[in-house]
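No lab work stands behind these numbers, since they all come straight from the coordinates. Keep in mind it's a predicted model, so treat the numbers as computed, not measured. Positions of Cβ are backbone-derived with ideal geometry, glycine not excepted, and every protein chain shown enters the neighbour counts.
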There are 2 protein chains.
Amino acid sequence: MFEAPYLLFLGDAPDGLAAKMAQGIYDWRPEAVAGQLRMEGCKADLGVKDLSIQEAVKAGAKTLVIGVVNRGGVISDSWISVLVEALEAGLDIASGLHNLLRDEPALVEAAEKSGRTLHDVRVPSVKYPIASGKKRTGKRCLAVGTDCSVGKMYTAIAMDREMKKRGMKSTFRATGQTGILIEGDGVPLDAVIADFMAGSIEWLTPDNDPDHWDMVEGQGSLFHASYSGVTMALIHGAQPDALILCHEPTREHMRGLPDYTPPSLEQLRDTALPLARVVNPDCKVVAVSVNTQHMDEERALAYLKEVEEKMGIPAVDPFRQGAGRLVEALS
Amino acid sequence: MFEAPYLLFLGDAPDGLAAKMAQGIYDWRPEAVAGQLRMEGCKADLGVKDLSIQEAVKAGAKTLVIGVVNRGGVISDSWISVLVEALEAGLDIASGLHNLLRDEPALVEAAEKSGRTLHDVRVPSVKYPIASGKKRTGKRCLAVGTDCSVGKMYTAIAMDREMKKRGMKSTFRATGQTGILIEGDGVPLDAVIADFMAGSIEWLTPDNDPDHWDMVEGQGSLFHASYSGVTMALIHGAQPDALILCHEPTREHMRGLPDYTPPSLEQLRDTALPLARVVNPDCKVVAVSVNTQHMDEERALAYLKEVEEKMGIPAVDPFRQGAGRLVEALS
């Protein structure tokens, strides 16, 4: 979809949190980052080289990636002039912001004049097919969660990186804007039209080598009333061979839904697995990935041990412990 | 969304099948039909009054509804001139065609000049919210199927009509283009953006009287790899109090998916009910609606009896037997 190396644009970020997106890109794909571009007053710093637009172009950068949240949902005039300069200097621009680059006349004009491309990664750029349900070669692993935002993307990408390190064939398949900005490619599933959701995931995970794994980024939860349809389409489009259950054990209610209690890991397993087997009878639940960030080390390790005994499969916090045991659970 | 009475446009339909949409509207809502408009060479006939555009306007018609499939996906010039005349005479136009009225410059211009509206019912006309999952007052019934096209719309609308006849409070809630053309309102769910699917169904089935039933039109199937996400969103958006299982027993594979065998009614029940209970713990599977059109009477009745004994709930073909026992199963 768009090319590395990236110049990560931090704009006038008031703090590090506002540049979380840039941080994620740098954490997961440092080799794709040429440097950072900070405007006056920027309080974020990734600890990589500060580059001007001209320096970035000389260093071989292809795409300026907006890695910062804009204030009040408006792309400010001060940003626009920097972005126009980047286009004129020969960089494409990629953005995951809600307000679109293509809705800014100055950017559209500059992109046309310079022959560069504006990538709004929240908006599908492909006409996806309707899913065929046909079996594809190669293997696929999908993380499903008891809730939204429990570490599904982290799990998939951490496993992908660990597999690459071990010389295994693997591709992280992004389905949300952060993942797409990291990989430079993917499907913004939550913006796809209903009829084409499963088809977009088939498109994203095509035939591959028999020993190749697509590590598919999960979305939503079968138990989340707002987004369960997206999750369902992802399960049937991905035809997973392996499911990883993702969980955040301290959450008291479903994200954004105060009246809903998260399901147990057993409920998630017993709901997701039969649905996955509709499209892949050989699908297995291979491991549990737990986000223990709100537990101290001792409590976290005790909890993981308890889950492992109860579920009979490895239970790991990949942030605390690395993704090695999750990867080993695939074979 | 658009107003009755309708003038049903049959165009130059080569046979009755091409005017199936018009037939459905007339079958289910005869009181909304002012008459039919047939062009030269039209071979379809609903058996209602033939009206010219001027006669239809005099008879009080508000909307010309295109009830015929166009050949080759093109709105022909001969149609356009009739449709322009209708707009100029003061009628709105509603269409479920794939190619949109709004993409025809002559229609757009005539609608603007005359202040009339073009309703493309395949395209959402509302900015739907993200689902909140909040419990709503009133009751909701949803038909779920072992496959697509097994009679879910027929079941919901037949039950709605029967309930109205009995003086019960009920509304048919359309989620597909045929249903929307019949009711004049609804959500074209398969064209809604993923994130807003469940929210569009919450919007469609708002708070209501405690004894009012929304009879929600089902879509797809949890077991259909192409459309299961749409079905899932429908279940969680509708928060059904009652599920009706819909089935076509002679089907050998899932519609459009030659490699997939339809599930059993037990599988459908055991999959759909726990998912519905995520949003409504009181949900029950109350009846089975069977489409026995490919069975003779004797075989159909024997099959229905067998299903009824096996499942322990009423099993009815509403086309053969009426929807009375399905309605009684709600209470």
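Once phi is turned into θ = phi - 60°, what whole-Hz ³J(HN,Hα) does the Karplus curve with 6.51, -1.76 and 1.60 give for every residue of segment A:212-220, x standing for Gly and Pro?
Per residue, the Karplus-derived 3J(HN,Hα) values read 8, 10, 8, 9, 8, 5, x, 9, x Hz.
With each pseudo-label sitting 7 Å past Cα toward Cβ, what's the A:Arg166-A:Met311 distance in nm, one decimal?
Each label point lies 7 Å from its Cα, and together they span 1.7 nm.
Residue-wise, which Karplus ³J(HN,Hα) couplings in Hz belong to segment A:133-143, taking 6.51 cos²θ - 1.76 cosθ + 1.60, θ = phi - 60°, and x for glycine or proline?
So the Karplus estimates, Gly and Pro as x, are x, 6, 5, 10, 7, x, 10, 9, 10, 10, 8 Hz.
Expressed as an acute angle from 0 to 90° and rounded to the nearest 10, what is the orientation of the C-alpha long axis of helix A:77-88 relative to the principal long axis of chain A?
90 degrees
What does the convex hull of the Cα atoms of segment A:188-320 come to per residue, in Å³, rounded to a whole number? Intermediate results must be reported in sequence, preceding the final value.
Numbers: hull volume 16.6 nm³, N = 133.
Looking at segment A:188-320, the number lands at 125 Å³ per residue.
Sorting A:Met153, B:Met168 on the 10 Å Cβ count, fewest up front, what's the list?
B:Met168, A:Met153
Using a Förster distance of 41 angstrom, determine the FRET efficiency expected from the C-beta separation of B:Ser52 and B:Asp185, and round it to 0.05. Present the calculation step by step, with values, prior to reporting the outcome.
Values: r = 27 Å, r/R0 = 0.67.
Rounded to the nearest 0.05, the efficiency is 0.90.
Helix A:152-165: angle to the longest alpha-carbon principal axis of chain A, degrees 0 to 90, nearest 10?
Between helix and principal axis, roughly 90 degrees.
What whole number of Å gives the distance from the Cα centroid of segment A:300-331 to the Cα centroid of segment B:2-25?
Using only Cα atoms, the two centres lie 60 Å from each other.
Give the shape of segment A:130-202 as rounded, prolate or oblate, defined through the alpha-carbon gyration tensor: a ≥ b ≥ c are the square roots of its eigenvalues, a/c under 1.5 means rounded, and otherwise the shape is prolate if a/b is larger than b/c and oblate if not.
Taking the square roots of the gyration eigenvalues as a ≥ b ≥ c, segment A:130-202 is oblate.
Please give the residues of segment B:245-284, grouped as numeric ranges, whose backbone N is less than 15 Å from a label point set 7 Å along the Cα-to-Cβ vector of B:Gln321.
Inside the label zone: B:245-249.
Which of B:Thr292, B:Leu189, B:Tyr154 sits closest to the plus end of the dipole of the protein assembly as shown, meaning its Cα is farthest towards the positive end, when Lys and Arg get +1 and Asp and Glu get -1 on the C-beta?
B:Thr292
Find the centroid of the Cα atoms in segment A:123-188 and in segment A:204-275, then give the distance between the two in whole Å.
Segment A:123-188 and segment A:204-275 have Cα centres separated by 12 Å.
Summarise the partner chain shielding of A:307-315 as one whole number: the mean count of Cβ atoms from other chains within 10 Å of each residue's Cβ.
For this peptide, the per-residue mean of nearby foreign Cβ atoms is 0.
Could you calculate, for chain A, the ratio of the Cα radius of gyration to the Kirkwood radius, expressed as Rg to Rh?
On the way: Rg = 20.4 Å, Rh = 20.7 Å.
Looking at chain A, the ratio lands at 0.98.
For chain A, set up a GNM with springs between Cα atoms under 10 Å and report which of A:Gly199, A:Gly133, A:Gly184 has the largest fluctuation.
Fluctuation is largest for A:Gly133.
Hand me the tally of lysine pairs in segment B:40-156: alpha carbons under 30 angstrom apart, and the pair either on different chains or 8 or more positions apart.
Number of lysine pairs found: 17.
Once amide H atoms are placed 1.01 Å from N in the peptide plane, what residues at a sequence separation of 5 or more from B:Ala287, or on another chain, have their amide H within under 5 Å of its amide H?
HN-HN under 5 Å from B:Ala287: B:Leu245.
Counting only Cα, what are the radius of gyration and maximum Cα-Cα distance Dmax of segment B:1-133, in Å?
Rg then Dmax for segment B:1-133, in Å: 14.6, 52.
Between A:Glu109 and A:Lys20, 0.36 nm times their residue separation minus their Cα-Cα distance comes to what?
Length gained between A:Glu109 and A:Lys20: 29.1 nm.
Report Rg(Cα)/(2.2 N^0.38 Å) for segment B:39-84, keeping two decimals.
1.25
Fewest Cβ neighbours within 10 Å first, please rank A:Trp28, A:Trp213 accordingly.
In order of increasing Cβ crowding within 10 Å: A:Trp28, A:Trp213.
Can you give the extra length, in nm with one decimal, that the chain gains between B:Gln267 and B:Glu88 once fully stretched, where that is 0.36 nm per residue apart less the Cα-Cα distance?
Value of the extension gain: 59.0 nm.
Compute the helix-to-body angle for B:297-311: its Cα long axis versus the longest principal axis of chain B, expressed 0 to 90° and rounded to tens.
50 degrees
What does the helix-only formula give at 222 nm for chain B: each DSSP H stretch with n ≥ 4 adding -39500 (n - 2.57), the total divided by the residues, and the result rounded to the nearest 500 deg cm²/dmol?
When only DSSP H runs of four or more count, the value is -10000 deg cm²/dmol.
Would you order B:Asp214, A:Asp92 from fewest to most other beta-carbon atoms within 10 Å of each residue's own beta-carbon?
A:Asp92, B:Asp214
Springs between alpha-carbon atoms under 10 Å, Gaussian network over chain B: tell me which of B:Gln23, B:Gln177, B:Gln267 tops the mean-square fluctuations.
B:Gln267
Any idea how far apart A:Arg136 and A:Glu31 come out in nm if each label point goes 7 Å out from Cα toward Cβ?
Once both label points are built, they end up 2.3 nm from each other.
Check each of the GluC sites (Glu not before Pro) in segment A:9-85 and keep only those in coil by DSSP with at most 12 other C-beta atoms within 10 angstrom; list them in order.
Answer by residue number: A:Glu40.
Choose one of B:Leu142, B:Ser264, A:Ala131: the residue whose Cα lies farthest towards the positive end of the charge dipole of the protein assembly as shown (beta-carbon charges +1 Lys, Arg; -1 Asp, Glu; about the Cα centre).
Going by the charge dipole, the pick is B:Ser264.
By its C-alpha gyration tensor, with a ≥ b ≥ c as the square roots of the eigenvalues, how is segment A:1-63 shaped: rounded for a/c under 1.5, else prolate for a/b larger than b/c, else oblate? All intermediate terms of the calculation are to be shown ahead of the outcome.
Values: a/c = 2.07, a/b = 1.31, b/c = 1.58.
The shape class here is oblate.
What is the protein assembly as shown by shape, rounded, prolate or oblate, if you read a ≥ b ≥ c off the alpha carbon gyration tensor as root eigenvalues and call it rounded for a/c under 1.5, prolate for a/b larger than b/c, and oblate otherwise?
oblate
Can you pull the one-decimal nm distance between simple spin-label points at B:Ser78 and B:Asp207, each 7 Å off the Cα toward Cβ?
Inter-label distance under the simple model: 5.4 nm.
What is the extension gain from A:Arg251 to A:Lys43, computed as 0.36 nm multiplied by their sequence separation minus the C-alpha to C-alpha distance, in nm to one decimal?
On the way: separation 208, 0.36 × 208 = 74.88 nm, distance 3.11 nm.
The span from A:Arg251 to A:Lys43 would gain 71.8 nm if fully extended.
Work out the length of the dipole vector of chain B about its Cα centre, built from +1 on the beta-carbon of each Lys and Arg and -1 on the beta-carbon of each Asp and Glu, and round it to the nearest 20 debye.
Charge dipole, chain B, about its Cα centre: 720 debye, nearest 20.
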